[in-house]
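These notes concern the structure reproduced below.
Where a number appears in this text, it was derived from the coordinates with a stated rule and is not lab data. Because the structure is a prediction, the values reported are computed rather than measured. Neighbour counts run over all protein chains shown; Cβ positions are idealised from the backbone, glycine included.
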Amino acid sequence: MRLTINGDFFETSGTRTLEELLNELDIEPGRVAVEVNLSIVKKADYPAFMLNEGDKIEIVNFVGGG
């Protein structure tokens, strides 16, 4: 499956859900916000959120500071 992640093309063969994608990318789900095709996905939906060929995904990391 071909996806666009933060503007870069990415190809994966085994990933079907958003949670699987984050695991493949070694990203901690609790520390990011994810948008798929211009819609924000709730963290609780990551395990069941199915990805499709050509999806455009934006992953934003939370950064702490003061």
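When averaged across all projection directions, what area in nm² does the alpha-carbon convex hull of the chain cover?
On the way: hull surface 18.5 nm².
Mean orientational projected area (the chain, Cα hull): 4.6 nm².
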Divide by every residue of the chain the summed helix terms, -39500 (n - 2.57) for each DSSP H run of at least 4, and state the resulting mean residue ellipticity at 222 nm, rounded to the nearest 500 deg cm²/dmol. -2500 deg cm²/dmol
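Taking the Cα centre of the stretch 2-61 as origin and charging only Cβ (+1 Lys, Arg; -1 Asp, Glu), how large is the dipole, in debye to the nearest 20?
With Lys and Arg at +1 and Asp and Glu at -1, about 180 debye.
Can you check what the net charge comes to around Thr17, using other residues whose Cβ is under 15 Å from the Cβ of Thr17 (Lys, Arg +1; Asp, Glu -1)?
Once positives and negatives cancel, what remains is -3.
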Work out how much length Arg31 to Ser13 would gain on full extension: take 0.36 nm times their residue separation and subtract the Cα-Cα distance, in nm to one decimal. 4.0 nm
Cβ-Cβ cut-off under 14 Å around Lys42, Lys and Arg +1, Asp and Glu -1: the net charge is -2
Around Asp26 (Cβ within 14 Å, Cβ-to-Cβ, excluding Asp26; K/R +1, D/E -1) the net charge comes to -3
